[in-house]
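Undergrad: Structure below; questions to follow.
No lab work stands behind these numbers, since they all come straight from the coordinates. Remember, predicted model here, so these are calculated numbers, not experimental data. Note: ideal-geometry Cβ built from the backbone for every residue, glycine included; neighbour counts use all protein chains shown.
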Amino acid sequence: MKNRYVYYIPLIALFVIAVTYQTRFTIEAVREDFYPNEQVREPFLMENVDLFITTLRPEGEEAGLLVGDRVLTVGGRALTGSAVMDRLAADARPGDQLSVTVARADAAGKTEEKQFTVRWAPSQTRRQSISETLPYTVAFIVMPVFCLLLGFWVAAMRPRDPLAWLLLGLMLSFAQLRSVGMGHWPWWMRDVMVVYHMVCVSAWPLWMLLFGIYFPERLRYDRRWPWVKWILIIPILFILACNIILEVGGMENLAVVAPLGRVVIRYRGVLFTIILLGISSFFFCLGLKAFDPQTTPDSRRRLRLMLAGTATSLTPLLILIMIGKMRGTSATQSVPAWITFPVLILLSLFPFTLAYVIVVQRALDVRVVIRQGVQYALARSGVLALQIALTTVIILGALSLMTNPAANRPQKIIPIALGFTLVLLIRRIAERLRAWTDKRFFREAYNAEVILSDLSDKVRSMVETEPLLETVARRISESLHVPRVAMLLHDGGSYRPAHALGYDAPPVVSFPEKSATVHQLRRVNEPVLVYSDDTDSWVYKTPGMDGEREMLETLETQLLLPLTVKEKLPGFISLGPKQSEEPYSSTDLRLLQSVATQTGLALENSQLTAAIASEVAQRETLNREVEIAREVQERLFPQEFPPVAGLDYCGACRPALGVGGDYYDFLLLPNDNLGIAIGDVSGKGISAALLMASLQASLRGQAMQGTNDLAALMSNVNRLVYDASAENRYATFFYAQYEPTTRTLTYVNAGHNPPMLFREREGSPQLIRLDEAGGCVVGLLRDFPYRQAAITLEPGDLLVAFTDGISEAMNPQEEEWGEEQMIEAIRACKGLSITDMIKQLVKDADAFAAGAKQHDDMTLVVVKVI
């Protein structure tokens with residue numbers, strides 16, 4: 001900051017010179033424009049080398065002077081430089097006489113001296129009314145003052161920014177579009193002001209070239225080929241040096257600089273082309289960057305706006321200059337006045353465009369002294385000022401035509417009607433221009449309170465975390481002109497950046513949950529200011545802040561906003577310094593607190609929504625997996641029932657969940673024997689279904705060997721299931737084999753509900769429970785001896801095997817159906833087919849449950865001897 005003031009020394013010196021020149025220039029211009037009858041003009045214009053007359057005004061022609069005469073003396077003094085004529089003009093009044101001695105060559109080529117007396121004429125002969133003077137006043141008096149104010153203000157705000165100095169040079173040069181004779185100025189200011197004026201005038205194409213290359217970002221082609229610009233810079237610097245030498249030397253001693261002047265005249269076409277190339281490069285470079293996809297969106301917006309405004313402003317003037325060069329006259333004398341006036345008015349768009357892009361669009365990050373509604377008022381006032389200026393010009397033009405004594409009545413009425421129509425049209429255009437300005441460029445950036453209040457309302461409805469963070473960061477940055485915003489969220493015990501705006505690379509910082517910074521945010525529960533250059537700040541006085549200060553400096557933090565929700569801190573926002581370098585005001589803190597509160601609520605909602613969405617997705621995945629498992633398990637149950645002589649059999653299973661642990665099976669064995677199995681795995685769901693599949697595989701592997709030793713078979717199945725399952729997993733299991741030739745049913749019961757055999761004998765029903773042989777449940781103990789038993793079935797016998805999901809079906813009062821009621825239901829199914837009997841038994845169990853949730857798998861196997 002101390003080095004910053006070194007830049008103010010040349011800036012202040014340049015400011016004094018510029019203000020001095022502009023003050024004296026404005027006095028001269030006001031006298032010429034508003035008091036033309038008191039000032040005189042030169043009766044002829046000369047080439048500034050050999051003093052040949054190049055242009056004659058009417059008073060010079062009346063005196064007998066000719067184009068091509070070489071002026072020797074004026075007013076009895078030798079014409080050694082332009083200052084002689086300037087001093088004579090300053091002392092003269094309209095109507096005074098001026099003696100002029102010239103050297104004239106006759107037809108034979110002989111040169112002779114001739115003396116003439118010329119009358120001094122008033123300085124202004126073309127601008128006869130205020131409507132004609134106004135455009136010159138705006139273009140050459142008001143606009144230069146605005147240029148100086150803009151240039152010096154930006155340079156004062158950013159003295160170390162090369163772009164700010166480029167802008168200052170450009171504004172100083174643009175303010176010199178009109179010149180006045182300075183030969184009669186006091187000696188203590190004349191030479192300095194001449195040098196200042198010539199540097200500004202001659203360096204204009206240089207500033208245009210450099211500003212086009214470096215604003216607001218350096219042209220990427222210049223990074224690749226930086227030497228190319230020197231092809232124009234060196235000739236422009238040469239032109240600048242020549243102009244200074246010729247102007248300063250030509251004031252008093254023209255003979256000394258005449259040789260250089262002749263060289264310049266000889267190559268004036270080349271030099272003029274170089275100047276045009278320098279000016280044109282401004283538009284060329286801006287156009288390249290404005291439509292370059294590698295240029296940032298903000299820069300493209302600013303560049304296109306500047307390109308449109310400056311091109312509209314300067315193109316008409318450049319066309320007039322080209323026309324004047326071709327006709328050998330000045331730009332303003334080459335076309336009618338009605339063309340010149342709007343061209344001069346359009347010139348004001350150039351500095352106003354730069355001001356708009358720099359101040360409102362923040363192209364140079366200058367101090368935002370014109371903030372919030374004032375920015376908006378500035379732009380709208382600019383539109384209003386333009387509207388008033390154009391309206392004034394139209395009204396004054398119409399009045400001047402009305403007061404013309406040579407005009408008849410129709411010729412006076414037409415200007416009134418036309419002027420009234422144009423005034424209404426300008427008003428309509430101005431209203432649309434103001435609306436377009438609001439919508440297209442200012443948007444809502446001029447009113448931070450409106451933006452942040454609207455943001456508080458908007459975030460309430462946002463349920464996605466990433467769009468929420470992006471919206472909050474962007475809108476805070478736009479409204480308060482904060483280039484760097486970081487959103488830090490709680491993640492795995494630390495707070496890390498989840499979204500960052502304005503950093504060259506994503507900041508790598510992590511604040512532990514128990515860090516001093518997080519503790520401070522939890523304690524105060526309001527915006528916390530961070531002053532890293534203040535040793536009395538909490539940043540230095542809080543213990544344990546050494547490492548955290550470095551992280552805050554990495555984020556360039558100046559304000560921390562806690563996103564507190566019900567004493568929880570899901571995250572916080574780090575805001576860097578404002579572009580204005582001003583502290584956050586109480587209004588800013590109040591608005592930001594509101595935004596932080598709403599953002600915290602929205603963040604909690606978004607996290608809750610994300611958690612719900614994740615759970616729903618997991619459930620959908622699980623449901624799909626269960627559905628797949630159910631389909632697989634259904635394929636494990638018998639898909640068809642092979643015919644067995646003398647038997648009618650069927651089975652069914654209804655899991656309590658998508659999949660279950662109940663198991664039944666029918667195996668067609670060697671010698672046409674039939675294996676009958678039913679089991680109940682402990683637990684429910686996927687784990688039970690996996691053990692059920694293991695039980696089925698083990699049984700089939702053992703039974704298909706055709707053994708009749710069911711006790712050994714069950715021991716082997718028990719060992720296989722034990723090895724393939726966890727210690728707390730087991731299954732009750734009943735397995736039997738039926739031999740059709742002898743109608744013998746051999747079985748082993750491993751802890752399962754004993755199947756029921758219903759037999760009709762002499763009209764008296766008999767119930768036999770198959771519980772005479774068996775052993776422990778399978779899978780619980782690795783080695784356990786099992787016993788088998790056998791029974792001979794008779795025609796009409798009905799065997800019903802079941803799991804406890806049927807017998808223990810419960811109603812809402814948690815009462816069990818029980819085996820006794822199930823037995824009654826089985827006897828009530830007498831006469832039904834096997835399939836219908838199973839359906840009826842399940843239906844009876846559901847009727848008893850009376851809508852209560854099925855708490856266990858329900859499996860039935862029914863075998864009837866025929």
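Undergrad: Roughly how many Å is it from the Cα centre of segment 176-212 to that of segment 661-725, as a whole number?
TA: Spelled out, the Cα-based centre of one part sits 107 Å from the other.
Undergrad: May I pose another question? Using the basic label-point model (7 angstrom from Cα toward the beta carbon), what is the E760 to F52 distance in nanometres?
TA: Here the modelled spin labels are 14.5 nm apart.
Undergrad: Distance in nm between label sites at I628 and E464, each 7 Å beyond Cα in the beta-carbon direction?
TA: 2.8
Undergrad: A further question on this structure: How would segment 53-121 be classified by its alpha-carbon gyration tensor: rounded, prolate or oblate, with rounded meaning a/c under 1.5 and the a/b versus b/c comparison settling the rest?
TA: prolate
Undergrad: Cα centroid distance between segment 484-554 and segment 803-861, in Å?
TA: With segment 484-554 and segment 803-861 each reduced to a Cα centre, they are spaced 67 Å.
Undergrad: Moving on to the next point. Order the peptides 510-516, 205-211 from the highest to the lowest mean number of other Cβ atoms within 10 Å of their residues.
TA: Peptide ranking by packing, descending: 205-211, 510-516.
Undergrad: Please give, to one decimal in nm, the separation of the simple spin-label points placed at A258 and L66, each 7 Å out from Cα toward the Cβ.
TA: With each label point 7 Å from Cα toward Cβ, the separation is 2.1 nm.
Undergrad: If you don't mind, another one. Please work out whether segment 712-866 counts as rounded, prolate or oblate from its C-alpha gyration tensor, where a ≥ b ≥ c are the square roots of the eigenvalues and a/c under 1.5 means rounded, while otherwise a/b larger than b/c means prolate and anything else oblate?
TA: Oblate shape, in that a/c is at least 1.5 and b/c is the bigger or equal ratio.
Undergrad: Among 597-604, 657-664, how do they line up by average Cβ neighbours within 10 Å per residue, starting with the highest?
TA: 657-664, 597-604
Undergrad: Continuing with the same structure: Suppose R0 equals 41 Å. What FRET efficiency, 1/(1 + (r/R0)^6) with r the Cβ-Cβ distance, do E640 and E615 give to the nearest 0.05?
TA: 0.50
Undergrad: Turning to a different aspect of this structure: Between segment 266-291 and segment 731-779, how many Å separate their Cα centres?
TA: Centre-to-centre (Cα) distance: 108 Å.
Undergrad: Using 0.36 nm per residue, how much length does the chain from Q294 to T117 gain when fully extended, once their Cα-Cα distance is taken away?
TA: Computed gain between Q294 and T117 is 57.0 nm.
Undergrad: Can you tell me which of 277-283, 289-295 comes out highest on packing, and rank the rest after it, using the mean Cβ neighbours within 10 Å?
TA: The packing order, highest mean first, is 277-283, 289-295.
Undergrad: OK, next. How much length is gained on full extension from N728 to T421, taking 0.36 nm per residue of separation minus their Cα-Cα distance?
TA: Taking 0.36 nm per residue and subtracting the Cα distance, the gain is 100.7 nm.
Undergrad: Continuing with this model, one more query. According to the square roots a ≥ b ≥ c of the eigenvalues of the Cα gyration tensor, what is the shape class of segment 632-733, taking rounded for a/c under 1.5, prolate for a/b larger than b/c otherwise, and oblate for the remainder?
TA: Oblate, because a/c is 1.5 or more while a/b does not exceed b/c.
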